[in-house]
């Protein structure tokens with residue numbers, strides 16, 4: 001339902017949401033006038049309260065209490081914040097520096113998660129790039145024993161897999177050294193599971209001995225592709241529970257139980273990804289019983305024409321939406337800058 005508010009109603013709704021988020025107490029008309037400096041009387045504000053309540057944007061816990069926002073009220077308030085976003089986020093109080101991490105995607109995702117949770121005291125979720133975007137970054141071929149070779153495959157998504165390959169005869173150290181140099185020269189930057197990777201591992205132009213050796217190492221790359229499940233980095237559970245009010249604890253516990261099934265959370269986030277635009281989902285909009293009393297604020301990161309993952313904050317419906325939106329925007333922007341240096345459009 002499209003709701004049209006007067007400018008005064010918009011200001012009253014916004015001020016009430018911010019006051020309630022700050023204090024956790026129902027907001028009365030006198031309090032709102034005193035805190036906002038509105039040039040209207042308390043009776044005028046009470047009349048507007050009644051109008052906003054009739055629209056389903058406010059409610060009151062009992063007859064003598066002040067008002068609190070409903071889910072619809074939070075939704076309308078968040079929509080107003082999203083409409084007024086500046087074209088490019090400025091870091092402001094939220095500081096995230098990934099410049100020292102170089103090619104360490106896993107460290108960048110973990111640092112982003114920790115910074116988000118520390119700055120907002122909400123549950124931070126950062127999804128890693130999916131399998132199909134991971135490419136090979138580095139390969140080690142180590143002569144573990146005379147007839148055993150350890151292959152270590154490191155991907156652009158931060159994944160590390162190891163495979164021990166046993167040969168019937170001792171391996172020539174020079175052959176193992178050649179394989180390491182060849183693989184890092186020929187397959188670095190190639191995506192996992194692609195025809196290009198198979199072609200370079202099975203190059204018919206190579207001498208028979210070298211080609212047979214690479215054939216034996218091939219399963220290590222299959223293992224790497226199979227192990228690259230999309231990961232979800234989570235931080236801030238302690239802070240979320242520590243700051244939750246008594247009436248919010250049950251919702252927080254349901255959320256943490258859902259997080260034990262990471263695939264379910266990835267599915268929830270994946271259903272609402274909106275390329276390069278921040279998004280807000282309030283309560284029942286998340287369409288998951290475990291999330292009916294929480295809100296999610298998120299934004300995607302990635303390359304110019306491809307989304308690689310998302311940055312999200314989840315917490316009680318009574319959250320600081322302005323701070324949360326700003327934080328995920330900055331984090332997503334910095335992650336996008338980081339991954340642009342690692343991934344090539346193909």
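The values are calculated or read from the model by the stated rules, or taken from the named source; none is laboratory data. All values reported here derive from a predicted model rather than from experimental measurement. Counting neighbours? That spans all protein chains shown, and the Cβs are built from the backbone with ideal geometry, glycine included.
A compact table of results
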| quantity | calculated |
| --- | --- |
| The one condition in (1) in a loop (DSSP other than H, G, I, E, B); (2) over 29 Å from the mean Cα position of the chain (by Cα); (3) within 30 Å of residue 277 (Cα to Cα) that residue 52 fails to fulfil | (1) |
| Filter pass, residue 239 being under 30 Å from residue 108 (Cα atoms) and crowded, with 17+ Cβ neighbours inside 10 Å | yes |
| Failed criterion for residue 89 (all others in (1) surrounded by 18 or more Cβ atoms within 10 Å (Cβ to Cβ); (2) closer than 28 Å to residue 247 by Cα; (3) touching a helix residue (DSSP H, G or I) at 6+ places or on another chain (Cβ under 6 Å) hold) | (2) |
| Matching residues, segment 160-184, being under 40 Å from the mean Cα position of the chain (by Cα) and farther than 20 Å from residue 208 by Cβ | 160, 161, 162, 163, 164, 184 |
| Of the criteria (1) in a helix (DSSP H, G or I); (2) in contact with a strand residue (DSSP E or B) (Cβ under 9 Å, 6 or more places away or on another chain), which one residue 188 fails | (1) |
| Selected residue [outside the structural domain of residue 309 (by TED's automatic domain parsing) and out of contact with any helix residue (DSSP H, G or I) (no Cβ under 7 Å at 6 or more places or on another chain)] from 143, 197, 164, 109 | 164 |
| Matching entry among 276, 337, 281 (being assigned to a loop (DSSP other than H, G, I, E, B) and either modelled with pLDDT under 90 or more than 13 Å from the chain's Cα centre (by Cα) (or both)) | 276 |
| Residue 295 being under 12 Å from the mean Cα position of the chain (by Cα) and under 21 Å from residue 94 (Cα atoms) | no |
| Scope segment 55-86; condition without any contact (Cβ under 8 Å) to a residue 60 or more places away in the chain, surrounded by 13 or more Cβ atoms within 10 Å (Cβ to Cβ) and assigned to a loop (DSSP other than H, G, I, E, B); matching residues | 55, 56, 57, 60, 65, 66, 70 |
| Filtered residues of segment 305-332 (kept if at pLDDT below 90 and out of contact with any helix residue (DSSP H, G or I) (no Cβ under 8 Å at 6 or more places or on another chain)) | 305, 307 |
| Residue ranges of helices (runs of 4 or more DSSP H) in segment 193-249 with at least 3 members modelled with pLDDT of 85 or more | 195-201, 208-217 |
| Test for residue 116: is it at pLDDT 90 or above, under 17 Å from the mean Cα position of the chain (by Cα) and either under 20 Å from residue 311 (Cα atoms) or part of a helix (DSSP H, G or I) (or both) | yes |
